[in-house]
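Chemist: Following this message is one structure expressed as structure tokens.
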Amino acid sequence: MAQKILISTGGSGGHVVPATILYEHLKNQFQVFMTIDNRGVKFLDKNKYNIEIIDVPPISKNFFLLPFQFFMMIYIIIKSVIFLKKKKIDTLISTGGYMSLPLCLASKILNIKLLLFEPNIVLGRSNKFFIKSCKKIFCYTDKIKNFPKKYLNKINVIPALLRKEFYEIKRTENIDSCVNLLIVGGSQGAQIFDTLVKKSIVELSRKYTLKIYQQTNAFNFEELEKFYKNENINHSIFDFDEDISNIMSRSNLCITRAGASTLAEIVFLNLPSIVIPLPTSKDNHQFENAIFYNKMGCNWILNQNEIEDETITNKLGNIIDNKDEYLSKKLNMKNFSYQNTWNNINQKITFVINEN
Ligand SMILES: CC(=O)N[C@H]1[C@@H](OP(=O)(O)OP(=O)(O)OC[C@H]2O[C@@H](n3ccc(=O)[nH]c3=O)[C@H](O)[C@@H]2O)O[C@H](CO)[C@@H](O)[C@@H]1O
């Protein structure tokens, strides 16, 4: 009988999107289930996956709520134990984050094989907590910061997880007559980008033909739309677009945060990018993610706190005018990504799951 695998996820798109990719990789060979919290549901199509909601409220820093949170956690752990037993789960794969804590603890209680997934260059806190009890951890490199040395042998390096459509879509083209600029902040957007880039875009539009693809949140949508209309700049604004591979493929330059999945996707599609890591990201993981690709010559990094009025205008202008650097970034990305194939990843993951 096929092994029963549970993928536990939730929170942001950075956790949920990889969970859906793991699901797609495994669904033909195993019986796969997924648990997700309420926050994460908006990042997937509920009808496509065998999902169960196990909601884990965010951990509050309010001291008086601690006893309540403690009992709540016990309740969710018991619920998780019952779920794992009822479904007869053989292997749990956690995509990290505090929402996976109860299920990971439940897998420990029941002695169920635990596999972790860490797409960042810094080990997440929840993954660190379970590193001792997990069997293996899937990472994109074996040089992970904050990783306990004695468990280094648990790292299983895989190429970055990408949705199937990324392998089917055409890679990005060079800047030719039009600059197709994608501005993207990760699954939750980056509100600061809206104000940070506006002025530069207006200035650049006087010199170059631009098409702007910009992600923003629902709150800013109308205002941004009005702004581009008034400035007569060709634009397409979106909130969370499931067909992002298509938008990326049509772009030829990008400004982005440094979420692990977004970076992997733009590198795979050879889209040269200015990366502005979120300065407040936990353990500065976004900066480390950006540096990882930067060392391979795949991006330009800007520090958000050092950005002044002209910084982005000058940077974009330089990139557009100096094609050598632009083309060398593209080539570096191409060389880095050639081993990333759906089958290669599939074999690596399946091997670990079947291992005793
Ligand atoms: C603010 C923050 O702490 N973000 C973290 C969060 O991911 P966060 O969700 O911010 O960012 P990621 O780039 O990892 O993932 C976003 C995913 O959403 C997809 N997408 C985005 C916009 C859209 O319109 N359509 C769409 O499909 C992207 O293609 C990508 O697959 O978890 C990641 C994995 O631990 C971390 O690396 C990020 O730093």
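Chemist: Which residue pairs have Cβ atoms closer than 9 Å, lie 6 or more positions apart in sequence or on different chains, and pair a first residue in segment 330-356 that is in a helix (DSSP H, G or I) with a second residue that is hydroxyl-bearing (S, T, Y)?
Modeler: Within 9 Å, the pairs are K330/T172; N332/Y293; M333/Y293; F336/Y293; W342/Y167; I353/T91.
Chemist: Restricting attention to segment 334-356, and to residues there that are within 19 Å of S94 (Cβ to Cβ) and among the β-branched types (V, I, T), which single residue is surrounded by the most Cβ atoms within 10 Å (Cβ to Cβ)?
Modeler: Top of the filtered list is I349.
Chemist: I'm trying to understand the selection: among the residues of segment 68-87, which are of a type in the set (S, T, Y) and open to solvent by 90 Å² or more (accessible area, probe 1.4 Å)? Show your work before the answer.
Modeler: Taking segment 68-87 and keeping what is of a type in the set (S, T, Y), we get 75, 80.
Hit for segment 68-87 is Y75, nothing else.
Chemist: Which of the helices (runs of 4 or more DSSP H) found entirely inside segment 196-294 contain at least 2 residues meeting this: more than 8 Å from the ligand (Cβ to nearest atom) and open to solvent by 40 Å² or more (accessible area, probe 1.4 Å)? Please lay out each step first, then the result.
Modeler: Working: elements: 221-230, 244-250, 260-268, 285-294.
In segment 196-294, 221-230, 244-250, 285-294 are the helices (runs of 4 or more DSSP H) which contain 2 or more residues that are more than 8 Å from the ligand (Cβ to nearest atom) and open to solvent by 40 Å² or more (accessible area, probe 1.4 Å).
Chemist: Among the residues that make up segment 8-23, is at least one of them away from the ligand (no atom under 15 Å from the Cβ), surrounded by 17 or more Cβ atoms within 10 Å (Cβ to Cβ) and on the phi < 0 side of the Ramachandran plot?
Modeler: Step one: of segment 8-23, the residues away from the ligand (no atom under 15 Å from the Cβ) are none.
No, segment 8-23 contains no residue that is away from the ligand (no atom under 15 Å from the Cβ), surrounded by 17 or more Cβ atoms within 10 Å (Cβ to Cβ) and on the phi < 0 side of the Ramachandran plot.
Chemist: For segment 37-49: of the residues being touching a residue at least 40 places away in the same chain (Cβ under 8 Å) and open to solvent by less than 50 Å² (accessible area, probe 1.4 Å), which is farthest from the ligand (Cβ to nearest atom)?
Modeler: Across segment 37-49, the extreme among qualifying residues is D37.
Chemist: Looking at segment 90-129 only, could you name the residues that are open to solvent by less than 30 Å² (accessible area, probe 1.4 Å), more than 15 Å from the ligand (Cβ to nearest atom) and not polar (S, T, N, Q)?
Modeler: Result: L92, P102, L103, C104, A106, I112, L114, L115.
Chemist: A further question follows. Can you name every residue in segment 303-327 that is charged (D, E, K, R) and part of a helix (DSSP H, G or I)? Give the steps one after another, and end with the answer.
Modeler: Here is the first cut: in segment 303-327, the ones charged (D, E, K, R) are 306, 308-310, 315, 321, 323-325.
Selection gives E306, K315, D321, K323, D324, E325.
Chemist: Also, I was wondering about something else. State the number of residues belonging to segment 152-195 that are exposed (fewer than 13 other Cβ atoms within 10 Å of the Cβ) and assigned to a loop (DSSP other than H, G, I, E, B).
Modeler: Residues in segment 152-195 being exposed (fewer than 13 other Cβ atoms within 10 Å of the Cβ) and assigned to a loop (DSSP other than H, G, I, E, B): 5 in total.
Chemist: Could you identify the single residue in T95, T91 that is among the β-branched types (V, I, T), within 18 Å of the chain's Cα centre (by Cα) and at pLDDT 95 or above?
Modeler: Details: T91 fails: within 18 Å of the chain's Cα centre (by Cα).
Every option except T95 fails the conditions.
Chemist: Got at least one residue in segment 50-62 being open to solvent by less than 20 Å² (accessible area, probe 1.4 Å) and either under 22 Å from the mean Cα position of the chain (by Cα) or not assigned by TED's automatic domain parsing to the domain that holds F147 (or both)?
Modeler: Going residue by residue through segment 50-62, those that are open to solvent by less than 20 Å² (accessible area, probe 1.4 Å) are 54, 56.
Those still in the list that are either under 22 Å from the mean Cα position of the chain (by Cα) or not assigned by TED's automatic domain parsing to the domain that holds F147 (or both) too: 54, 56.
Yes: segment 50-62 contains one or more residues that are open to solvent by less than 20 Å² (accessible area, probe 1.4 Å) and either under 22 Å from the mean Cα position of the chain (by Cα) or not assigned by TED's automatic domain parsing to the domain that holds F147 (or both).
Chemist: Test of understanding: among K136, K145, K149, which residue is assigned by TED's automatic domain parsing to the domain that holds H15, open to solvent by 20 Å² or more (accessible area, probe 1.4 Å) and without any contact (Cβ under 8 Å) to a residue 60 or more places away in the chain? Steps first, please.
Modeler: Working: K136 fails: without any contact (Cβ under 8 Å) to a residue 60 or more places away in the chain; K145 fails: without any contact (Cβ under 8 Å) to a residue 60 or more places away in the chain.
That would be K149, the only listed residue that is assigned by TED's automatic domain parsing to the domain that holds H15, open to solvent by 20 Å² or more (accessible area, probe 1.4 Å) and without any contact (Cβ under 8 Å) to a residue 60 or more places away in the chain.
The values are calculated or read from the model by the stated rules, or taken from the named source; none is laboratory data. Being a predicted model, the structure only gives us computed values, none of them experimental. Cβ coordinates were reconstructed from backbone atoms using ideal geometry, including for glycine residues, and neighbour counts include every protein chain displayed. Each accessible area value is taken on the protein alone, full model and side chains, heavy atoms only, with ligands, DNA and RNA left out. Shrake-Rupley method; radii C 1.70, N 1.55, O 1.52, S 1.80 Å.
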